[in-house]
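Data block below; observations after.
The values are calculated or read from the model by the stated rules, or taken from the named source; none is laboratory data. Please read all numbers here as calculations on a predicted model, not as lab measurements. All Cβ positions, glycine included, derive from the backbone under ideal geometry; neighbour counts span all protein chains shown. Side chains included, ligands, DNA and RNA excluded: accessible areas come from the protein's heavy atoms. Shrake-Rupley method; radii C 1.70, N 1.55, O 1.52, S 1.80 Å.
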There are 4 protein chains.
Amino acid sequence: MIIVIKRDASKEQLMHFRSVLEEKYHVTVNSWQGVEATVLGLIGDTTQIDEDWVNAQEVVESVKRVQEPYKKANRKFHPDNTVIELPTGQKIGDGSLCIMAGPCSVENEDQINYVAERVKAAGATFLRGGAFKPRTSPYSFQGLKAEGLDLLKGARKVTGLPIVTEIMRTSHIDMFESVDIIQVGARNMQNFELLKELGKIRKPILLKRGLSSTIEEWIMSAEYIMAGGNDQVILCERGIRTYETATRNTLDLSAVPIIKKLSHLPVIVDPSHATGKAWLVEQMSLAAVAAGADGLMIEVHNDPKHALSDGAQSLTPDQFDKVAAKVFALKHAYDEIVNG
Amino acid sequence: MIIVIKRDASKEQLMHFRSVLEEKYHVTVNSWQGVEATVLGLIGDTTQIDEDWVNAQEVVESVKRVQEPYKKANRKFHPDNTVIELPTGQKIGDGSLCIMAGPCSVENEDQINYVAERVKAAGATFLRGGAFKPRTSPYSFQGLKAEGLDLLKGARKVTGLPIVTEIMRTSHIDMFESVDIIQVGARNMQNFELLKELGKIRKPILLKRGLSSTIEEWIMSAEYIMAGGNDQVILCERGIRTYETATRNTLDLSAVPIIKKLSHLPVIVDPSHATGKAWLVEQMSLAAVAAGADGLMIEVHNDPKHALSDGAQSLTPDQFDKVAAKVFALKHAYDEIVNG
Amino acid sequence: MIIVIKRDASKEQLMHFRSVLEEKYHVTVNSWQGVEATVLGLIGDTTQIDEDWVNAQEVVESVKRVQEPYKKANRKFHPDNTVIELPTGQKIGDGSLCIMAGPCSVENEDQINYVAERVKAAGATFLRGGAFKPRTSPYSFQGLKAEGLDLLKGARKVTGLPIVTEIMRTSHIDMFESVDIIQVGARNMQNFELLKELGKIRKPILLKRGLSSTIEEWIMSAEYIMAGGNDQVILCERGIRTYETATRNTLDLSAVPIIKKLSHLPVIVDPSHATGKAWLVEQMSLAAVAAGADGLMIEVHNDPKHALSDGAQSLTPDQFDKVAAKVFALKHAYDEIVNG
Amino acid sequence: MIIVIKRDASKEQLMHFRSVLEEKYHVTVNSWQGVEATVLGLIGDTTQIDEDWVNAQEVVESVKRVQEPYKKANRKFHPDNTVIELPTGQKIGDGSLCIMAGPCSVENEDQINYVAERVKAAGATFLRGGAFKPRTSPYSFQGLKAEGLDLLKGARKVTGLPIVTEIMRTSHIDMFESVDIIQVGARNMQNFELLKELGKIRKPILLKRGLSSTIEEWIMSAEYIMAGGNDQVILCERGIRTYETATRNTLDLSAVPIIKKLSHLPVIVDPSHATGKAWLVEQMSLAAVAAGADGLMIEVHNDPKHALSDGAQSLTPDQFDKVAAKVFALKHAYDEIVNG
């Protein structure tokens, strides 16, 4: 951490500030005296030093971190890729492309079983589906809740596909015990109380990026889970909020290689929520593969026109067949070209 | 709700869509046939119709709401201002200017009592202070928690100031029973499970605007609380996330008159979190008053340099004395000029 | 165009408004009377009707375009792809992948000739290079200007590569007569006077997307050029400004398929300016190809460390060799998978 | 300027980089050797050092400016407020509140003269009006051009109000010779060629903030004009582009005190363009005064319903009378409270 000291700071102020740093945070402080400014360099574990606190000091002009504020999620300290492996054998982050597909909301047994079988046949290795739905309006369909979870488990039994579904409150963690991957939605990315509780369990967590979260904040939320002892975090880029209205969100594919550089965690892409339009899903899925993503999360509905939520961005099973075939073909080519 | 139908939709498709609308949502559908397009106009309670669902229909080109999607928070249906009145007599939304002041985090008894007495002396009518703190990093100070709540209650006893403090999880609602105003932070504005639970209690809720929430989404979150039966919601503008880096967030003061037009709920402004800089608080507090705000939330710390969180934006009690005096003087002038 | 009329508008007001519409804009107005609102549907050429003007009318609640406000750039009226063909045979938009490569700024003869030969050898079909440079600071290097143009022409002579370079003022159009493709930079995307003048010449224009332009505004700027009679416009996505600071801009690859749907104009991607980081260029180039781009614009510098501008995002010729090889290989695979 | 060196840089690389800095930019380089990193501190005139260039160096981890990149516009070097004084006596930046009012577009003699007389009577000291109009669509009204300028001059003759109008191309500077204040619109804020030419004349320039410009970029554009020798720059905040759709732009009133701190130039606010809605102008004008603005720019039209552009945000003369009266009353109170 580099701290620039104000020009008009007195020697006494500066010495006092240095001793506070050393005593409070047990870091070593080096100083360099320039004409423009005095600069302090802090040596030691600076992740616990709050930048706000530093900025509030009377003598401080500005502060700059040299080290990232995350440790467990940091590739510098864990060079090897994290590979998530489920008891049933599916892997995420091992170089393969995983596809999580299914409806936005679970609606009934026929629907979820039919979609599950279709997406499995097309190559998906996980079934996604919402039982508890975060909706902007209290008057919109809120999901089938516990019944939805049961239907997902039923579809898992039928198809063998592990299930991914969203949790919305801490008190539901027990209810989600037999869920294979627990999803934290974009709106809960900084629900820190939920993250802390998910850190206590030993189950993969799919952490969606918040609507207006920086990449660093997103990794910090993964760090919350990991700090509790749960190392199995999968990051999911799902678009960020910008001024552009042609798409629901702006898909930030640069986030994929950046996450890969900064962290060892796997990262997947959700083109359905990012764009909000079914006709963009194929093209953005292909682009995500070429950006280096470890997987895709795609909404598939047997009958998008009658879907109880997010129908506008859902593919039909027939459309998904074609998308999946192209996506796997491109992944194959990509691997030969980039890694081959 | 106005729905534009695609040019290439067949008569059968259109008739089928109309009958689905009428049966599923019990609305009356009128149609107008143009050259450019066919347009449907829906009559009845359209708040339950999901725009996503409409957009997903094969025949639909686009959809436009004419009515706002909120009812209980809508000024159209409740023309009079909501005035929040506490058992101890303080009012918010009655035309007066309320100031909620205090430290970002409660740190110890001396601190909170001292700050409480100082802000009371300067004219604040509420004591704010964080006991549970949402922090980006799991390694940052997370608040004194239950002990912090006790210290706030102690300061209330000493000064008579009602207390405002942030809740971070549903399971804490019982613990917050004797808190006077429960704050929902920006990161939890769309924690719908929390909002639903807060709808079941009968206590004023201060709902901060999310970092990237539209004004409509913000009112919809108030609607979540109100839909549960709790009408006492205070909205708090605290800055939105933009590309500008000169301030922590961009304070959107236009939100104040817009909220006043769309809703009957009181709206206050938090210039401390919006700007992230103590030196901007005075000027932005004055601007908020002139924008028509019902109140201000201002961070005051006995010793910002040693604050355990957000020191950079806290005023000292002496600074707050001056700010409060100017703010009340401007409010007085404003009332004479605008309402007088 | 659909216009929703205010509930409290009188019959006389409404009739007056209708007759103004009909007389001023020569459109036919149909009206549909609902309970919620009265809706007008306009038939005819509504591209000349200003939405601001409509919104300003006392009787108007809101307005919604059904037709896009552009004609010449609109795929609806020109279903076939525009293919730009240079006198020297190079094509853009014909299904092939064109690469425009070269330094941010032309610096001297050896530099530009060396880079031109290297990028040609790697498969680039256009040489890019800045002679006039838009710089945020008046104290930064502003380009070699006329001398830079001469050096570009020299490099063209040596390599046969057509040249692409940025124009910054209308009075330079004559000076750019022998430039093959004239680039309009992001900061000038809405320099309408420049666009109008470029509409009068008959030379391909590369129109970069503005930092905060919507896709519709961007196409409208192309329409400015085309309205003047110059149909040869190439759109270039180069990242938009968002709150994210990990990259210089946020590359919006969804813009590629959206442009392809809305317009018949070719669209290329500039990953160098979008990300601002050389190490991201390869991955984002691959993603752009998979998003369906007609080409790439990539910065290559013989010696990025000593580049006079934008060195941080420039590839060395050796790095470019590898990127180009992978990009062409992926394009080949993509064509087989998607179009094959 | 503080430069953080990569951990793995060799001694030779570092020494080479230091000598390049010293020779190329004539600065003195101090280094401080930490465990985390080596840090270089540059002493001398670092405004000419391009951050991109520094970032491109192989040994550089990151770079941080300590000094602002602007000199002439910097309050540090010019502590006193710049006061713009017109030959006819009007002042901007002297502590008074100037109001520039008038129609978006000049439409005809009766209109402009009538509006000019009305706004003068209400207290405006400048007449604004567009002769050359930047429009998103080539099919929208583009202004009366030279005729519009003549009409403005006519209205000046009748009322004595100096005129403010927008220039859109360099070749028009001669035509604008008798304009009192030349406005540079938001879309041209980084039209550097125009800024350079305006630096050569000796006439006040009103520089609107770009739609997505940072405050620093905005001041840098003022610096472009000042670098040419023209010190008379007035900055105008007119809203920035964000995701919020309730207003046309988001008015960033925090920019006012920030500009006042960083620069000595006067800053005014345009609530009409910022909000895009006439009913918000009064409240945001009052807020701008309380934020410390030196003036306001307000659209007034004799007949907004028939305005040829931007009618939705124009006040009628009667509405302006009331707004101006309140605004001056609040300014009076503000001065007593804040400066008194």
Going by the structure shown, is C:SER105 among the hydroxyl-bearing types (Ser, Thr, Tyr), out of contact with any Cys (no Cβ under 7 Å at 6 or more places or on another chain) and open to solvent by less than 20 Å² (accessible area, probe 1.4 Å)? yes
For the stretch B:183-218, name all the residues that are under 20 Å from B:GLY102 (Cα atoms) and touching an Asp or Glu at 6+ places or on another chain (Cβ under 8 Å). B:GLN183, B:VAL184, B:GLY185, B:PRO204, B:LYS208, B:ARG209
Report the residue count in the stretch C:274-289 for those that are open to solvent by 10 Å² or more (accessible area, probe 1.4 Å), more than 7 Å from chain A (Cβ to nearest Cβ) and part of a helix (DSSP H, G or I). 3
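Out of C:ILE182, C:ILE173, report the one residue that is touching a residue at least 24 places away in the same chain (Cβ under 8 Å), open to solvent by less than 10 Å² (accessible area, probe 1.4 Å) and aliphatic (A, V, I, L, M).
Going through C:ILE182, C:ILE173 in turn, just one is touching a residue at least 24 places away in the same chain (Cβ under 8 Å), open to solvent by less than 10 Å² (accessible area, probe 1.4 Å) and aliphatic (A, V, I, L, M): C:ILE182.
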Find the residue count for the stretch A:230-244, including only residues that are without any contact (Cβ under 8 Å) to a residue 40 or more places away in the chain, open to solvent by less than 30 Å² (accessible area, probe 1.4 Å) and within 14 Å of chain B (Cβ to nearest Cβ). 6
A:MET100, sole failed condition from (1) under 23 Å from the mean Cα position of the chain (by Cα); (2) surrounded by fewer than 21 Cβ atoms within 10 Å (Cβ to Cβ); (3) part of a strand (DSSP E or B); (4) not polar (S, T, N, Q): (2)
Sort out for me the helices (runs of 4 or more DSSP H) sitting completely within the stretch D:131-233 that have 3 or more residues that are closer than 26 Å to D:LYS260 by Cβ and of a type in the set (Asp, Glu). D:215-227
Count, please, the residues in the stretch A:115-145 that happen to be hydrophobic (A, V, I, L, M, F, W, C) and farther than 20 Å from A:LEU206 by Cα. 5
Has the stretch C:148-168 got at least one residue that is open to solvent by less than 20 Å² (accessible area, probe 1.4 Å) and facing another protein chain (nearest Cβ under 10 Å)? yes
Take the conditions β-branched (Val, Ile, Thr), assigned to a strand (DSSP E or B) and within 27 Å of B:ASP45 (Cβ to Cβ) and apply them to C:VAL4. Does it pass? yes
Criterion (in contact with a Phe, Trp or Tyr (Cβ under 7 Å, 6 or more places away or on another chain), under 30 Å from D:ASP80 (Cβ atoms) and not polar (S, T, N, Q)) met by exactly one of D:VAL164, D:VAL119: D:VAL164
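Counting only residues that are within 35 Å of the chain's Cα centre (by Cα) and more than 8 Å from chain D (Cβ to nearest Cβ), how many does the stretch A:2-12 have? Outline the logic, then answer.
Step one: of the stretch A:2-12, the residues within 35 Å of the chain's Cα centre (by Cα) are A:2-4.
Narrowing the set further to residues that are more than 8 Å from chain D (Cβ to nearest Cβ) leaves A:3.
Qualifying residue count for the region: 1.
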Matching residues, the stretch C:13-54, being away from chain B (no Cβ under 12 Å), in contact with a Gly (Cβ under 8 Å, 6 or more places away or on another chain) and more than 23 Å from D:GLY276 (Cα to Cα): C:TYR25, C:HIS26
Being aliphatic (A, V, I, L, M) and at pLDDT 95 or above is the filter here; which residues of the stretch D:232-255 pass it? D:VAL233, D:ILE234, D:LEU235, D:ILE240, D:LEU251, D:LEU253, D:ALA255
Suppose the filter is away from chain A (no Cβ under 12 Å), within 20 Å of B:ILE163 (Cα to Cα), in contact with a Cys (Cβ under 7 Å, 6 or more places away or on another chain) and among the hydrophobic types (A, V, I, L, M, F, W, C); does B:ILE268 pass it? yes
Residue satisfying all of: in the stretch B:26-37; closer than 21 Å to C:ILE5 by Cβ and either at pLDDT 80 or above or in a loop (DSSP other than H, G, I, E, B) (or both); nearest to the chain's Cα centre (by Cα) among these: B:VAL27
For the stretch D:301-327, how many residues meet the condition of being under 27 Å from D:VAL256 (Cα atoms), crowded, with 22+ Cβ neighbours inside 10 Å and among the hydrophobic types (A, V, I, L, M, F, W, C)? 6
Criterion (closer than 30 Å to A:TYR243 by Cβ, touching a Leu at 6+ places or on another chain (Cβ under 8 Å) and modelled with pLDDT of 95 or more) met by exactly one of B:ILE182, B:ILE167, B:ILE163, B:ILE219: B:ILE219
Out of the residues in the stretch D:1-53 that are buried (at least 21 other Cβ atoms within 10 Å of the Cβ) and of a type in the set (Phe, Trp, Tyr), state the one that is nearest to D:ARG65 (Cα to Cα). D:TRP53
Hey, among the residues in the stretch C:309-340 that are under 25 Å from the mean Cα position of the chain (by Cα) and not in a helix (DSSP H, G or I), which one's nearest to A:ASP335 (Cα to Cα)? C:LEU315
Could you say whether any residue in the stretch B:290-300 is surrounded by fewer than 21 Cβ atoms within 10 Å (Cβ to Cβ), within 13 Å of chain A (Cβ to nearest Cβ) and in contact with a Pro (Cβ under 9 Å, 6 or more places away or on another chain)? no
Answer yes or no as to whether D:LYS64 is loosely packed, with under 15 Cβ neighbours inside 10 Å and basic (Lys, Arg). no
Answer with yes or no whether D:ARG187 is facing chain C (nearest Cβ under 10 Å), touching a Pro at 6+ places or on another chain (Cβ under 6 Å) and not β-branched (Val, Ile, Thr). yes
Give the stretch D:55-88 a look and list any residue that's within 20 Å of the chain's Cα centre (by Cα), within 14 Å of chain C (Cβ to nearest Cβ) and among the hydrophobic types (A, V, I, L, M, F, W, C), or say none. D:ALA73
Any idea which of (1) more than 14 Å from chain B (Cβ to nearest Cβ); (2) open to solvent by less than 10 Å² (accessible area, probe 1.4 Å) is the one A:LYS91 doesn't satisfy? (2)
